[in-house]
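The structure under discussion appears below in the form of structure tokens.
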Amino acid sequence: MLKLGRQNFDDDALLIMAIVNRTPDSFYDRGATYEFDLALQRVHDVVRDGAEIVDIGGVKAAPGATVTVDEEIARTASLVAAVRADFPDVAISVDTWRHEVGEAACHAGADILNDAWGGWDPALAEVAARFGAALVCTHAGGVEPRTRPHRVCYEDIVADVLARTVVEAERAVALGVDPDSVLIDPGHDFGKNTRHSLEVTRRLADLVASGWPVLVSLSNKDFVGETLGRPVGERLLGTLAATSISAWLGARVFRAHNIAETRQTLDMVAAIRGTRPPARTVRGLA
């Protein structure tokens with residue numbers, strides 16, 4: 001059982017975490033949902049299309065203009081409150097590495113703290129424990145937030161992912177986070193080159209075998225673009241291929257931009273796996 005806010009999800013459920021960026025400079029949407037009303041409309045759209053989780057971010061992951069703690073709180077907490085008012089049962093996540101932002105978000109009604117930078121601020125897990133929030137423990141190779149990997153190397157990337165994320169997960173539980181509310185994320189692209197991201201995808205079953213639920217953030221990322229030689233706007237097919245493989249290998253949560261397409265992909269994988277019935281079965285019966 002996976003506990004995320006007000007919702008409990010069965011172990012065979014494949015969940016979508018929809019990306020909602022309150023940033024003017026995100027790599028994918030280039031600020032399309034920076035304005036408050038557009039961000040809130042995006043939430044309504046993704047819930048309609050089948051997302052169970054909404055992930056709100058106030059700072060883009062890549063290098064760029066400095067965003068202060070106060071500005072990040074202003075971008076995220078008010079939207080969290082509005083989403084909570086409109087959707088009492090949707091799981092709300094905030095993508096941040098700062099404990100101050102996590103605290104403000106939890107006060108506003110957030111259910112999940114998505115720590116994309118691998119415990120850079122150790123107090124973030126303490127906030128999750130204090131508020132009873134879920135926590136995503138991500139592998140970023142120990143790099144500073146908002147920096148790009150440069151000639152990074154690992155003796156065994158999957159072993160490093162497991163070592164770092166499991167330590168963070170166990171620390172969170174020791175602090176008081178519900179063990180059913182902790183996820184690990186291999187952190188595609190974060191502290192990795194394309195070959196590293198492909199390998200963690202190929203060996204995702206090793207992460208699943210750890211016993212911690214696995215979240216993957218694959219959507220339109222550079223490893224997809226470099227693998228296929230495609231720019232940002234042409235990475236959907238590669239993303240969905242990686243999504244299918246990750247679902248088959250046991251990932252549970254999928255952070256995504258393209259919700260309707262991801263929902264169909266995951267439903268098809270679930271039907272092939274035998275955990276979801278077809279929507280209709282009339283062929284050969286007439």
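Here are a few things to note about the model shown:
- Those residues of the stretch 204-221 which are buried (at least 19 other Cβ atoms within 10 Å of the Cβ) and either part of a helix (DSSP H, G or I) or not hydrophobic (A, V, I, L, M, F, W, C) (or both), in sequence order: 204, 207, 213, 217, 219, 220, 221
- Residues that are under 13 Å from residue 60 (Cα atoms) and surrounded by fewer than 18 Cβ atoms within 10 Å (Cβ to Cβ), drawn from the stretch 33-44: 34
- Pairs where the first residue, in the stretch 218-229, is under 21 Å from residue 259 (Cβ atoms) and of a type in the set (Ser, Thr, Tyr) and the second is at pLDDT below 95 and surrounded by fewer than 17 Cβ atoms within 10 Å (Cβ to Cβ), C-beta under 9 Å, 6+ apart: 219/28
- Within the stretch 228-271, being closer than 19 Å to residue 202 by Cα, out of contact with any helix residue (DSSP H, G or I) (no Cβ under 9 Å at 6 or more places or on another chain) and basic (Lys, Arg) holds for one residue alone: 255.
- Counting only strands (runs of 3 or more DSSP E) that sit completely within the stretch 46-130, those holding 1 or more residues that are hydrophobic (A, V, I, L, M, F, W, C), under 25 Å from residue 222 (Cβ atoms) and free of Cβ contacts under 8 Å to residues at least 24 places away in the same chain correspond to 112-115.
- Put simply, of 140, 133, 128, 172 the only residue that is over 21 Å from residue 258 (Cα atoms), crowded, with 19+ Cβ neighbours inside 10 Å and touching a Phe, Trp or Tyr at 6+ places or on another chain (Cβ under 9 Å) is 140.
- Per-region count, the stretch 193-217, residues farther than 19 Å from residue 262 by Cβ, out of contact with any helix residue (DSSP H, G or I) (no Cβ under 7 Å at 6 or more places or on another chain) and not polar (S, T, N, Q): 4
- Residue match in the stretch 97-117 (condition: surrounded by fewer than 21 Cβ atoms within 10 Å (Cβ to Cβ), of a type in the set (Gly, Ala, Ser) and out of contact with any strand residue (DSSP E or B) (no Cβ under 9 Å at 6 or more places or on another chain)): no
- The set of residues from the stretch 237-256 being surrounded by fewer than 17 Cβ atoms within 10 Å (Cβ to Cβ) and either of a type in the set (A, V, I, L, M) or closer than 17 Å to residue 19 by Cβ (or both) comprises 237, 241, 245.
- Test: residue 181 is under 18 Å from the mean Cα position of the chain (by Cα) and more than 20 Å from residue 7 (Cα to Cα): no
- Residue in the stretch 272-283 that is out of contact with any helix residue (DSSP H, G or I) (no Cβ under 6 Å at 6 or more places or on another chain), crowded, with 17+ Cβ neighbours inside 10 Å and either under 26 Å from residue 153 (Cα atoms) or modelled with pLDDT of 95 or more (or both) present: no
The values are calculated or read from the model by the stated rules, or taken from the named source; none is laboratory data. None of these values were measured; they are calculated from a predicted model. Heads up, the Cβs are rebuilt from the backbone with ideal geometry, glycines too, and the neighbour counts pull from every protein chain shown.
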